[in-house]
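The values are calculated or read from the model by the stated rules, or taken from the named source; none is laboratory data. Quick caveat, the model's predicted, so the values are computed rather than measured. Here Cβ is always computed from backbone atoms with ideal geometry, including for glycine, and neighbour counts include all displayed protein chains. Keep in mind that these areas ignore ligands, DNA and RNA; they rest on the heavy atoms of the full protein, side chains included. Shrake-Rupley method; radii C 1.70, N 1.55, O 1.52, S 1.80 Å.
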Amino acid sequence: MGKKSKDSSNQEEITLQKTAKFSVLELAGITQPFTTNDDAAAEQQQQQQQDDTNDSASNSNNNKESQKEGLQGRRAKASTGPRMDDTTTNLIGGNSFESRTPNPEWIKAREETYAKIATRRQEELAKKVPVPIKVVMPDGNVFDKTKDGVSFMAWKTSPYDVACVISQGLADAAVVARVTYENYVEDYDLGEDGMEGEDLLADAMEKDVDENAAAKAVLWDLTRPLVGNVAKLELLKFESDADAKTVFWHSSAHMLGEALEHLFGCRLTIGPPLKGGFYYDSYMGTKDAFKEEDCKCFTCFVLWLFAFPWMLKLFLKKIIYLHVTTTTIDTPVEQEVQKIAKSKQKFDRLVVTKEEALELFAGNPFKEQIIKTKVPDGTRTTVYKCGDLIDLCRGPHVPHTGRVKAFAATRHSATSWLGDTDNDSLQRIYGISFPDKKMLKVWTENQELVCCLFSFCFVQGKQAIPRRGMTAMTNMCKLESHYLSALLCRAE
């Protein structure tokens, strides 16, 4: 759980210990935060080094902060939220949520505040001077004009516009762009654009890429105007790129958050992407929680296998295929997300000052605490809007919610703010989504298969499954980035 430590300035800081509370089977599509012995040993060694020398720890922290520049779209790791100073009481939720209220009034008030801030940013943007730019693709081709012969211009041309020059199909299939800038235009400033500070969810994201490489290239919204000459523009697709999957699931988490606000009026906290999916934590007071009718749990029924062990052998040999399924009735959460997807809501990025952010999220003590402790005075951060949801976020995101063709809420559980049981209790919903309904069908069948095999193991004992079947199941569990394409080929 949470652990308090003191630095050289005698200020208390909350750190998060990794917990196995949400550990589940490491499967493609349902991967959740987990703890390993190596992680625990590494964390213990790091804590010992901090205790030995405060100066060394301070330098290390400074290095980490500098490396966060440009890192976007990373997945959630074992910690459950951003680290922050212990400047408030443990229980901060209070009466910010009193009862379930569909589409509460504060959503409309937040939109009005957003509109005022957006007007100020538009006035700033009007002062920018568009200048011609060129874009280099990975194959070396250089583009500087549209199909109609109009020059690419900084502050106006987006990666989507560039993709359309190549192919409309490519533009529609891409999830996000990875941009390596040759140089910025003279009137572009990282701080003014909210890119100078750290990602507010940086401590909740795992780092599985080279930090130096990530600092040179930045994930960029397809519809966000470019701000300089581009040395390399990559258009990333869901099926072939891990960053694209992460961005896709991050956008899906925002859609889930919007649905939760619409249905329950709960106070959102954090909603990061995972290695295979995403989740969103929300505050629903001390007397309410998600129910089965709100969000179904992923279950499967294996009574046939229990009753007839011989069927399992045929099942493992693929002589027969036993299709087990969850309920086919969409829950209210899933139905609301589907409405959001069909409306094709655009993801709009907006730069805000610290004061503007506090005004936007007035009434949400969790967002307020993140802003007050993670955004330095006099700096800017960013928010994203889709529909009437406005959320603190570094981005990037998909162009619009219509890109999410299939969505499922996989399970729900209780958790705590910052992973500390002394803090407010939160409600968590896990989800999975895909750009194609066939992918969700294959994913569901994959989960049902493993669920059946392991359920039979627990009932019949360790020797219930033949060694050959256990090996096959173990190999299945190791499938990650390529499992979808392989299974889709089999399905076809």
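Restricting attention to the range 366-377, the residues that are out of contact with any Ser or Thr (no Cβ under 8 Å at 6 or more places or on another chain) and open to solvent by 40 Å² or more (accessible area, probe 1.4 Å) total 3. For beta carbons closer than 6 Å, sequence separation of 6+ or different chains, a first residue in the range 249-273 that is over 14 Å from Y283 (Cα atoms) and in contact (Cβ under 8 Å) with a residue 12 or more places away in the chain and a second that is part of a loop (DSSP other than H, G, I, E, B) and among the basic types (K, R), the qualifying pairs are P273/R75. Taking the criterion of being more than 15 Å from D221 (Cβ to Cβ) and not in a helix (DSSP H, G or I), the residues of the range 233-250 that qualify are K237, F238, E239, S240, D241. Does at least one position in the range 108-115 carry a residue that is under 30 Å from A362 (Cα atoms), at pLDDT 95 or above and surrounded by 19 or more Cβ atoms within 10 Å (Cβ to Cβ)? Yes, some residue in the range 108-115 is under 30 Å from A362 (Cα atoms), at pLDDT 95 or above and surrounded by 19 or more Cβ atoms within 10 Å (Cβ to Cβ).
Testing K344 on (1) within 17 Å of L389 (Cα to Cα); (2) open to solvent by less than 60 Å² (accessible area, probe 1.4 Å); (3) within 20 Å of the chain's Cα centre (by Cα), one condition comes back false. Which one is that? (2) is the only condition that K344 fails.
For the condition crowded, with 24+ Cβ neighbours inside 10 Å and either in contact (Cβ under 8 Å) with a residue 24 or more places away in the chain or touching a Gly at 6+ places or on another chain (Cβ under 7 Å) (or both), T286 does not qualify. Reported count of residues in the range 156-169, each being within 14 Å of V230 (Cβ to Cβ), out of contact with any strand residue (DSSP E or B) (no Cβ under 7 Å at 6 or more places or on another chain), of a type outside the set (G, A, S) and open to solvent by less than 40 Å² (accessible area, probe 1.4 Å), is 1.
Here is the figure for the range 251-269: residues that are in a helix (DSSP H, G or I) and not aliphatic (A, V, I, L, M) total 8. With respect to (1) in a loop (DSSP other than H, G, I, E, B); (2) modelled with pLDDT of 95 or more; (3) open to solvent by 50 Å² or more (accessible area, probe 1.4 Å); (4) not aromatic (F, W, Y), the lone exception for D172 is condition (1). Scan the range 163-181 for residues that are farther than 15 Å from K237 by Cβ and aliphatic (A, V, I, L, M) and the total you get is 2.
The number of residues in the range 235-275 being more than 22 Å from D436 (Cα to Cα) and open to solvent by 20 Å² or more (accessible area, probe 1.4 Å) comes to 3.
For every residue, the table says whether it meets (1) in contact with a Cys (Cβ under 6 Å, 6 or more places away or on another chain); (2) of a type in the set (K, R); (3) not in a strand (DSSP E or B).
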{"position": "D139", "(1), (2), (3)": "no, no, yes"}
{"position": "K156", "(1), (2), (3)": "no, yes, yes"}
{"position": "Y160", "(1), (2), (3)": "no, no, yes"}
{"position": "V179", "(1), (2), (3)": "no, no, no"}
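L479 satisfies every condition listed in (1) in a helix (DSSP H, G or I); (2) open to solvent by 40 Å² or more (accessible area, probe 1.4 Å); (3) at pLDDT below 90 except (1).
Determine whether K64 is at pLDDT 95 or above and either of a type outside the set (A, V, I, L, M) or part of a loop (DSSP other than H, G, I, E, B) (or both). Criteria not met by K64.
The condition of being touching a helix residue (DSSP H, G or I) at 6+ places or on another chain (Cβ under 6 Å) and within 30 Å of R178 (Cα to Cα) does not hold for V333.
With the condition kept exactly as written, say whether any residue in the range 402-417 is open to solvent by 40 Å² or more (accessible area, probe 1.4 Å), in contact with a Lys or Arg (Cβ under 8 Å, 6 or more places away or on another chain), charged (D, E, K, R) and at pLDDT 55 or above. Yes, some residue in the range 402-417 is open to solvent by 40 Å² or more (accessible area, probe 1.4 Å), in contact with a Lys or Arg (Cβ under 8 Å, 6 or more places away or on another chain), charged (D, E, K, R) and at pLDDT 55 or above. If we scan the range 286-306, do we find a residue that is of a type in the set (S, T, Y) and modelled with pLDDT of 95 or more? No, every residue in the range 286-306 fails to be of a type in the set (S, T, Y) and modelled with pLDDT of 95 or more. Within the set of pairs 6 or more residues apart or between chains, which connect a residue that is touching a residue at least 12 places away in the same chain (Cβ under 8 Å) inside the range 368-391 to a residue that is of a type in the set (D, E, K, R) and part of a loop (DSSP other than H, G, I, E, B) with Cβ atoms less than 7 Å apart? Pairs found: T379/E196; R380/E192; T382/R394.
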